[in-house]
Structure formats: C-alpha cells, structure tokens
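Only one structure is covered here, and it is reproduced in the block below.
The values are calculated or read from the model by the stated rules, or taken from the named source; none is laboratory data. Here the structure is a predicted model, which means the values were calculated and not measured. Methodologically, a virtual Cβ is constructed for each residue, glycine included, from the backbone with ideal geometry; neighbour enumeration extends over all protein chains shown. These area figures cover heavy atoms from the full protein model, side chains too; ligands, DNA and RNA do not enter into them. Shrake-Rupley method; radii C 1.70, N 1.55, O 1.52, S 1.80 Å.
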Amino acid sequence: MIYNKHGNLVRIFYLLIALFFYAASFGGYLKRKRSIVLCYHGILAGQKRLFRWQIERVATQNRPTFWWKKSPTVSITFDDAFDNLIENAIPALIEFNVSALIFAISKNLGNTPQWKISKNHPEYQERTMTATKLNIISKNPLIRIGSHTLTHPFLTEISHEKIREELLESKRQLENLIKLSIDDLALPHGSYNQLVIEIAQETGYKRIYTLDPNTHDINSDNKIIGRFLMTPDVWQIEFVLTCAGAYSWLLPWRRFLDKVKRLKNR
C-alpha cells in the first residue's frame with residue numbers, strides 16, 4: 001500500500017492495527033511458512049539510500065536462522081521496468097544478493113508511461129528501459145523478467161479478444177527479446193476478474209501477481225500471488241511490519257468495505 005495515501009492519522013491507525021497483528025503472530029513467527037511479495041515501481045535517485053536499507057533488511061530476514069526467530073521470506077518485484085532501476089535499485093540487489101522480478105510493458109520500452117497515469121505521479125516523466133537494456137539485465141542471474149501486458153490497460157474494461165492479445169503478444173515479444181521463457185504476469189492496476197485469470201492461464205503464464213495485500217503460502221499450488229505495494233519512503237517500522245505480514249489484515253478489510261459499498265449502491 002501507499003502508507004500515507006489517506007493522511008498521517010489513518011496511517012498511524014493502520015500502524016497500530018499492524019502492531020497488534022504483529023504481536024498476535026509472535027513477531028511474524030506464525031507466518032514463517034508464508035511469503036511476502038513487495039511491489040515497487042521506479043526508484044528515484046533521492047530514494048536510493050532508503051531502498052538500500054530496505055534490501056539489506058530483506059537479505060537479513062531471508063537468511064536461515066534459528067527456528068524461534070524464523071520470519072516469512074520476502075520477495076521483490078518491480079512493475080513497469082523503469083530505467084531508474086538500473087542505477088538506483090539493481091546495485092543494492094547485487095550487493096546483498098537479493099533476487100528480483102521485473103515486469104515489463106512490451107509496447108512501452110524506452111518511453112515515458114503511455115498508459116493512464118496521473119500527471120502528479122512521481123514516475124509520470126520517468127522512462128522505462130529500452131529493449132537493449134532490458135535484454136542486458138535479463139542476463140543477470142538475480143533478475144527475472146515478467147510480463148506487465150502489452151500496453152498496461154485495465155484488463156477488466158476491455159474485450160475478451162483484447163485481453164488475450166495483451167497477454168499473448170506481450171509474452172511473445174518479451175520471449176523473442178530476451179530468449180527466455182516468460183512465465184510471470186503482473187496485472188496492471190491490480191485489475192482482474194475470473195475471466196482475466198482464465199485467459200492468463202490459457203496463454204501460458206505459470207504465476208499471476210495481483211495487488212491484493214495478501215501473504216502467499218510457499219507450499220501451496222495456488223499460483224495467484226498477492227503483493228504489498230511498497231516505496232522506499234515508508235517509515236522503517238512500516239516496512240518491518242509489512243515484511244512480517246502484519247499488514248495482511250488489509251485484504252479482508254478492503255473486501256468488507258467493497259461489500260458495504262455494493263450494498264449501499266443497490
């Protein structure tokens with residue numbers, strides 16, 4: 001989540017609930033068999049130091065340790081494949097030997113965002129990697145490339161045929177570029193329904209990443225994986241609690257609010 005989205009009062013309220021869940025899970029111990037997947041976008045130059053601190057923390061948490069200190073594993077993903085990752089994020093990943101999955105929009109390589117994005121968004125003028133740069137970083141053993149569709153649409157707002165084109169053509173273009181199988185898909189805007197999931201599976205994606213703030217059972221056959229939105233600018237305690245799974249209460253809470261809204265609109 002973007003932790004300050006609703007202002008600091010709501011942010012502190014969320015933090016207090018997360019602290020309660022952290023204590024209830026014995027510091028994340030009860031979630032030790034689950035994975036926390038973080039979803040970043042671009043990393044700006046001014047965020048480089050903060051991001052390095054976060055990756056160092058992830059590397060420490062992912063190291064094998066005594067059973068009574070075991071915490072959930074943390075995975076790193078980046079949506080949109082912004083060019084600034086090359087200077088501001090990948091060096092920290094290499095330094096601490098942390099792997100990452102980068103989701104690219106195959107028809108937007110080397111351009112500023114051509115999809116629906118606010119002019120006030122921090123990445124509004126940021127360019128994505130060129131095809132050449134994406135191909136180069138794909139050779140790094142710590143980096144895996146996934147698809148973020150062809151043009152980054154709201155998949156629930158387009159036709160069955162367009163969904164298939166967005167998923168199939170992006171997979172084909174990226175595989176032709178990096179000469180590796182593209183098995184991972186991140187759903188743009190977190191927008192999906194059962195039809196989107198079915199088409200994604202039909203077109204050959206083995207893992208499908210949402211923006212549902214949910215932990216993932218590492219022993220489960222479920223290949224629909226929730227993620228927690230993350231930026232380097234969050235408070236350090238928010239980052240630590242997210243990596244412990246303490247913000248996973250957000251998903252049932254959001255579903256409850258959605259249900260209330262639907263009942264009001266009847």
Segment 243-266, subset part of a loop (DSSP other than H, G, I, E, B) and aromatic (F, W, Y), residue nearest to A100 (Cα to Cα): Y247
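Among the residues of segment 195-206, is any of a type in the set (V, I, T), farther than 27 Å from R254 by Cα, free of Cβ contacts under 8 Å to residues at least 40 places away in the same chain and out of contact with any strand residue (DSSP E or B) (no Cβ under 8 Å at 6 or more places or on another chain)?
Yes, segment 195-206 contains a residue that is of a type in the set (V, I, T), farther than 27 Å from R254 by Cα, free of Cβ contacts under 8 Å to residues at least 40 places away in the same chain and out of contact with any strand residue (DSSP E or B) (no Cβ under 8 Å at 6 or more places or on another chain).
Quick grid of which residues meet (1) within 20 Å of the chain's Cα centre (by Cα); (2) within 27 Å of D233 (Cα to Cα):
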| position | (1), (2) |
| --- | --- |
| L109 | yes, yes |
| Q125 | no, yes |
| T130 | no, yes |
| I137 | yes, yes |
| I145 | yes, yes |
| H152 | yes, yes |
| T156 | yes, no |
| S159 | no, no |
| E165 | no, no |
Unmet criterion (only one of (1) in contact with a helix residue (DSSP H, G or I) (Cβ under 8 Å, 6 or more places away or on another chain); (2) surrounded by 13 or more Cβ atoms within 10 Å (Cβ to Cβ)) for N193: (2)
Of the residues in segment 78-99, how many are surrounded by fewer than 21 Cβ atoms within 10 Å (Cβ to Cβ) and within 18 Å of L229 (Cβ to Cβ)? 1
Pull out all pairs, ordered by first then second residue, where Cβ-Cβ is under 8 Å, the residues are six or more apart or on different chains, the first lies in segment 145-160 and is free of Cβ contacts under 8 Å to residues at least 24 places away in the same chain, and the second is open to solvent by less than 20 Å² (accessible area, probe 1.4 Å). I158/E166
Per the filter on segment 20-61, residues polar (S, T, N, Q), in contact (Cβ under 8 Å) with a residue 40 or more places away in the chain and either open to solvent by 50 Å² or more (accessible area, probe 1.4 Å) or not in a helix (DSSP H, G or I) (or both) are S25, S35
Which residue out of K264, K223 is in contact with a strand residue (DSSP E or B) (Cβ under 9 Å, 6 or more places away or on another chain), over 14 Å from R11 (Cβ atoms) and open to solvent by 20 Å² or more (accessible area, probe 1.4 Å)? K223
Kindly establish whether D217 is closer than 30 Å to E175 by Cα, acidic (D, E) and open to solvent by less than 40 Å² (accessible area, probe 1.4 Å). no
Of the conditions (1) open to solvent by 10 Å² or more (accessible area, probe 1.4 Å); (2) in contact with a strand residue (DSSP E or B) (Cβ under 9 Å, 6 or more places away or on another chain); (3) not in a loop (DSSP other than H, G, I, E, B), V240 fails just one. Which one is it? (2)
